[in-house]
Structures are given as structure tokens and as C-alpha cells.
1. Could you pull out the trypsin sites (Lys or Arg not before Pro) across the stretch 461-522 that fall in loop regions by DSSP (anything but H, G, I, E, B) with no more than 14 other Cβ atoms inside 10 Å?
2. Could you pull out the pairs from Lys256/Lys318; Lys357/Lys561; Lys357/Lys448; Lys256/Lys291; Lys13/Lys505; Lys19/Lys435 whose alpha carbons sit more than 30 Å apart here?
3. How big is the accessible area of Arg348 in square angstrom, nearest 10, if you roll a 1.4 angstrom probe over the protein chains?
4. Can you order the peptides 102-112, 295-305 by their average number of other Cβ atoms within 10 Å per residue, highest first?
5. Could you put Arg94, Arg316 in order of accessible surface area, largest first, with the 1.4 Å probe and the full protein assembly present?
6. Under a 1.4 angstrom probe, counting protein chains only, how are Thr163, Thr280, Thr189, Thr359 ranked by accessible area, largest first?
7. Of all chymotrypsin sites (Phe, Trp or Tyr not before Pro) in the stretch 456-487, which ones are in loop regions per DSSP and have a Cβ with at most 12 other Cβ atoms within 10 Å?
8. Can you give the accessible area of Ile294 in Å² (nearest 10), computed on protein heavy atoms with a 1.4 Å probe?
Amino acid sequence: MKETQFIQQNQEKWQRFEKLNASKTADPEEISQLYLDITEDLSYAQTHYQRRTVRVYLNQLAQKVFIGVNRFKRDNLLKLLREVSISIPLEIFRSRKTLTVAFVASIIYIALGALSTAVNPDFPRWILGDYYVDMTIQNIESGNPLKVYEDDNQLAMFIRITTNNLGVALLTFFIGYFFSFGSHILLFTNGIMLGAFQYFFYQRGLFVTSFLGIWIHGAFEISAILIAGGAGITAGNGFLFPGRQTRFQSMQQGLKRGLKIILLLVPFIIAAGYLESYVTHHYQVLPNWTKWTIIGFSFSIMFILFVAIPIIVGLRYKHLVEIEQEALTQNQADPELSSARVLQDFVRDSFFYYGKKFTSIAGVFIAPSFFIGLVLLSVRAFFYPDDLSLHFYYYDWISHLNFITGTAFSGFLDYLISAIWLLGLTLSTGILILKLNSVSMSLKEFAKRVPWLLIVGLVTYLPLLVLPWYLQFITFFLLPFALPLFSSVMLGENKFKAIFLEGIKLGYFGYFNSIFVLAIFSVGITVLAQPIAAIFSVFNEYTMRPELPDLLDVLCDFLTKIFDAYKLDSMFWTNWIREIVYLTAVVFIVPLLAILSTLIYHHGMETKNLRGLWKEFEKFGKRSRTKESMEE
């Protein structure tokens with residue numbers, strides 16, 4: 001069938017859907033029927049008119065139909081809550097073994113802390129520190145044993161405690177990826193401290209007093225940390241014991257399961273902070289029956305939500321528990337790069353492509369970038385050792401990125417290193433885009449595009465390397481214009497000036513999509529980075545040890561003792577190790593920008609080509625037959 005005949009035959013149906021899609025009172029059954037018809041038309045067009053505009057139009061129309069169908073099937077709030085009330089308890093039930101392990105292990109660790117204190121009364125000083133123990137003894141002698149929980153500024157106390165507890169819970173979870181062993185370390189540390197602290201009061205005849213004071217908030221707080229540890233062990237076991245899945249799929253499933261559990265813990269961590277700041281604060285004036293009631297109610301809530309309901313749901317929906325994660329175990333087909341997308345697809349497809357193409361990305365970008373970056377970092381550390389020997393920079397990611405990329409500009413070598421970084425990031429991004437799109441290009445053709453690619457690299461990466469953090473917010477809002485330029489330069493077929501202008505137009509056309517996705521990436525990266533290497537350095541004194549050490553702090557503290565034992569400069573070497581961690585983060589994050597660039601480019605091209613197509617379709621059969629036959 002000729003394209004003209006195909007369009008004339010189905011034009012009325014397509015126009016009908018356009019009207020229904022714009023209507024708020026359309027019949028969902030008719031929309032559903034059109035979905036079947038239009039997907040059949042799209043399948044036919046993909047076979048016979050692959051390079052024609054009608055295929056582009058139908059691809060976009062099919063997505064509109066899909067959105068239209070699901071618009072009438074959107075779950076109301078009650079149905080959504082019902083699904084959540086099943087899915088999260090199921091994840092807890094699936095993780096019941098690791099949660100049980102975390103619970104039993106914590107009881108053992110608490111008992112060890114109490115037993116150690118019984119054997120050696122000075123044990124709490126080793127665990128809690130002399131200052132804290134001496135302060136507590138003074139409070140006991142003054143008749144206010146839990147004075148440590150009294151603070152004049154209750155709001156500041158609430159914010160500080162809640163932030164600290166959230167950090168501990170996240171750290172306990174994410175550290176579990178280290179073969180599950182990491183979560184046990186934090187559970188051990190917290191258990192030993194709790195056991196020693198409680199037995200310390202027991203020795204002084206104040207066990208009930210301390211119990212009623214501590215567990216007002218501790219019922220939620222300690223339980224949340226324990227469950228977070230179980231979720232972390234679940235995640236670590238996903239790597240150690242993948243079963244029938246690939247190791248990456250198993251880790252992905254473990255992360256998804258653990259995050260659902262952590263999400264349910266957040267309200268209780270906030271509640272624990274509130275109770276500690278506003279209720280435990282007044283523990284002396286509260287009657288004992290009130291304290292017992294709060295403690296009993298809190299433990300009951302945790303037992304019902306994390307033990308009873310998961311068991312009930314797990315037994316009721318046993319068939320769902322036994323179903324494998326089909327979306328992970330099956331070999332998923334790559335989503336079509338050249339298709340237009342709805343907003344949420346950008347985030348999903350970006351991470352899906354990252355996982356699907358990880359081996360290629362690692363070979364083209366991650367491995368060589370990390371090796372070159374490590375060499376440059378080592379050279380710079382050799383010539384400018386004082387930059388690493390003066391302070392413990394802790395979570396000052398700004399200084400570390402300046403050291404890594406040479407943008408500290410301490411001398412000529414830094415300018416050379418920053419130029420190498422800029423050139424390497426730009427060229428490797430271009431190569432990565434070609435690899436993602438399975439495009440083969442001769443060296444001569446690639447060389448022609450390099451000057452334009454370097455211009456894009458300067459516009460995109462130079463501000464990120466040079467500007468201070470408070471000016472990088474401006475860069476964030478300009479990135480949507482720069483990102484499509486990479487793909488436009490590498491994949492465009494017109495003259496380079498036209499390609500460059502086209503890339504800017506595509507950035508303008510998909511601006512809000514890009515801003516949304518970049519914001520999601522930024523928030524996600526920030527949350528994931530916090531337990532490993534906290535990035536909120538702009539709010540703290542860089543050289544001061546944070547109240548809540550991150551995983552990197554814990555590692556460097558441990559290595560400091562080893563370096564000191566061998567008479568090495570521990571400050572230099574721990575800062576160097578910190579820079580390796582930040583270098584790793586950089587080389588893993590940049591490919592996301594390349595993938596997003598490709599998705600935005602293709603989305604813009606597909607959507608732009610769709611504009612005005614109806615006007616062209618309406619002219620079919622009314623123009624010269626010679627012209628139409630030539631176009632076909």
C-alpha cells in the first residue's frame with residue numbers, strides 16, 4: 001500500500017483520537033479500542049515506511065494513546081495506599097531472614113556491651129569516652145541522671161537529632177553493600193554502646209530511670225537502626241548470593257527492596273527525634289505510667305508494622321512472595337533511543353541504559369578516565385604535597401575536586417591538568433554518544449567534528465570545573481541548552497553551524513524536561529553519596545571533624561592508625577584516598593550526562609518532526625501526484 005493511500009484510509013481515525021485526547025469527557029473504552037488500532041498502524045508503518053514522517057507521527061500518537069488510556073485508569077488515593085500497604089509488607093516479608101539476623105545480632109551485641117561493663121567497670125570509658133562518662137556521673141550526683149537530653153533550644157535539638165538519626169540509618173543501610181559486613185559493624189558499634197550505657201546505670205541502681213528516659217525515643221530510634229541494618233544486609237546479600245539472576249540484577253533488586261523498607265522508616269526516625277527533643281526533655285516531670293505507655297505504644301507500632309502485618313500479608317499473598325522479579329530476570333529489550341518520551345521515561349531509561357550498557361561504558365569511558373585521572377592525581381600530589389598535608393579536609397568535596405582536576409591553580413602544572421581533564425571529558429563524551437547510538441565513524445569524520453565538540457565541552461564542563469559552588473547553580477539552569485549539543489554535533493548530518501543551532505533549539509524545546517531530570521539526578525546522587533562521602537560541605541567548617549562521620553571518615557580514621565604506626569604522613573595519604581573516592585564518583589556520574597544528552601536529542605528531534613505533520617497529511621491527495629510520488 002502506498003503511503004498516501006495508507007494515510008487517507010486511516011486519517012479519520014487518527015483525527016478522531018486527537019479530538020478524544022483533547023476532551024475531558026471522552027469514553028475510555030473508545031480510547032482503549034483506538035489504542036489497539038493505532039499500535040497496529042504503527043507496526044505496519046515501522047515495516048513499510050520506516051524512514052517516512054508517518055512512522056514518526058504514529059510513534060508519538062501511540063504514546064499519546066497510552067497516556068490517554070492510563071489517564072482513565074489512574075489509581076485514586078485509596079487504591080494507591082492499598083497497593084503500598086501490600087507491596088512494602090511483602091518486601092519486609094521477603095527480607096524476614098536478614099531482618100531476623102540483624103535483630104538477633106543486635107541482641108548479642110547489646111549483651112556483649114553489658115557483659116563487658118560487668119566484667120570491667122571502666123569499659124564504658126573506652127566506648128563512650130571519659131568526657132561523656134564523667135558528665136553522666138556529675139548529672140547522677142546532682143539528681144538529674146539524664147540531663148544530657150535537656151536543651152534550651154528544643155527546635156535546634158530536634159533538627160540536629162533527626163538529621164543525625166537519618167544519617168545513621170542511611171549509613172547503616174548503604175554500608176551493607178560491602179558484603180553485608182558493613183551493616184554488622186555499625187550494629188555492633190551501636191549495640192555495644194547501648195549495652196554498656198544501660199549496664200552503667202544498672203550498676204548505680206538507676207536502670208528503670210534510665211530505661212524510662214532512653215526508650216521514650218529509643219523504641220523508634222533503635223528499632224529503626226536495627227531494621228536499617230537488616231535492609232543493608234539484604235542489599236549486601238544481593239551481591240554475595242545472586243541466585244538465578246546476574247549479580248547486577250540481584251544488587252538492583254536488593255537496593256529496591258531495601259529502599260522501600262528505609263522509606264517506611266523515615267516517619268519513625270522523625271518521630272524519634274521529636275520525642276527525644278520534646279518529650280524525653282521533660283522526663284523528670286512526666287509520671288511513670290505516661291512513660292510506660294509511650295514506650296509500649298511505640299514498640300507495639302513497630303511490631304505491628306514490621307512483624308505482624310508483613311507475616312499476615314506474606315501468608316495471604318504467598319503466590320506473590322514466590323514470584324521471581326520477572327522484570328529483572330528476563331533479558332529486557334533496549335528501549336528505542338529515537339522515540340519521544342514522557343517525563344518519567346527520561347529518568348527510567350537513563351538508568352536502564354546505564355545498567356544495560358555498563359560494560360561498554362566501562363570500557364569506553366570509566367576505566368580509561370579513572371586510570372588517567374589517577375595518574376594526574378598522583379603527579380599533582382607529588383609536586384604539590386602541601387595541599388594534602390595541611391588539613392584533614394573531611395567532607396570538603398569542593399577542595400578535593402579542585403585538587404583532582406587541577407582547578408586549584410597552584411601553578412603551571414594545574415593549568416595543564418585542567419586542560420587535560422577538559423579535553424578528555426569532552427572527547428570521551430563524544431565517543432560515548434557514538435557508542436550508545438551504535439554509530440560507526442571514521443577517524444577523519446570524527447576529526448571534523450572535534451572543533452565543534454570542544455566548543456560544547458568548554459560551554460558544558462568548564463563552568464563545572466572552575467566556578468565556585470554558589471555560581472554553579474546558574475550553570476545548572478544553562479545545562480539543558482548545552483546537553484543536546486553533544487549529541488547534535490556527533491549525530492547531526494547537516495553543516496556544523498546548522499547542527500549547532502539545532503542543538504540549542506532542541507535544548508530550548510526540551511528545557512523543562514531536562515531541568516526536571518537533572519534535578520532528580522542531583523537529588524538522587526546527593527542522597528546516595530551522603531553515607532559514603534557527605535557533600536554538604538558548604539554548610540560546615542571544612543577542616544573540622546563532622547559530628548556524624550561518613551563511611552569515608554570511618555575508613556580514613558582506621559587507616560590513619562596504620563599510617564601512623566609506619567611513621568607515614570597520615571594526613572597526606574588519607575586525603576589522597578579521599579580524592580580517589582571523589583575521582584571514582586566523577587567518572588561514574590559523567591556517563592549519565594552523555595546518556596541524558598542522547599535521550600533529549602532524540603526526543604527533541606522526534607517531537608520537532610511531528611510539528612506540522614497534520615498539515616502535511618491534510619494535503620495528501622490534493623497536491624500534484626508527481627510531487628507525492630517523488631516523496632514516496
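The values are calculated or read from the model by the stated rules, or taken from the named source; none is laboratory data. These numbers come from a predicted model, not from an experiment. Glycine also receives a Cβ, built like all others from the backbone with ideal geometry; neighbour counts cover every protein chain displayed. Side chains included, ligands, DNA and RNA excluded: accessible areas come from the protein's heavy atoms. Shrake-Rupley method; radii C 1.70, N 1.55, O 1.52, S 1.80 Å.
1. Lys495
2. On the way: Lys256/Lys318 20 Å; Lys357/Lys561 41 Å; Lys357/Lys448 27 Å; Lys256/Lys291 36 Å; Lys13/Lys505 32 Å; Lys19/Lys435 41 Å.
Over 30 Å apart, Cα to Cα: Lys357/Lys561; Lys256/Lys291; Lys13/Lys505; Lys19/Lys435.
3. Approximately 140 Å² of Arg348 is accessible to the 1.4 Å probe.
4. Packing proxy ranking, top to bottom: 102-112, 295-305.
5. Heavy-atom accessible area, descending, gives Arg316, Arg94.
6. My answer, sorted largest first, is Thr359, Thr163, Thr189, Thr280.
7. Listed in order of number, the matching sites amount to none.
8. 40
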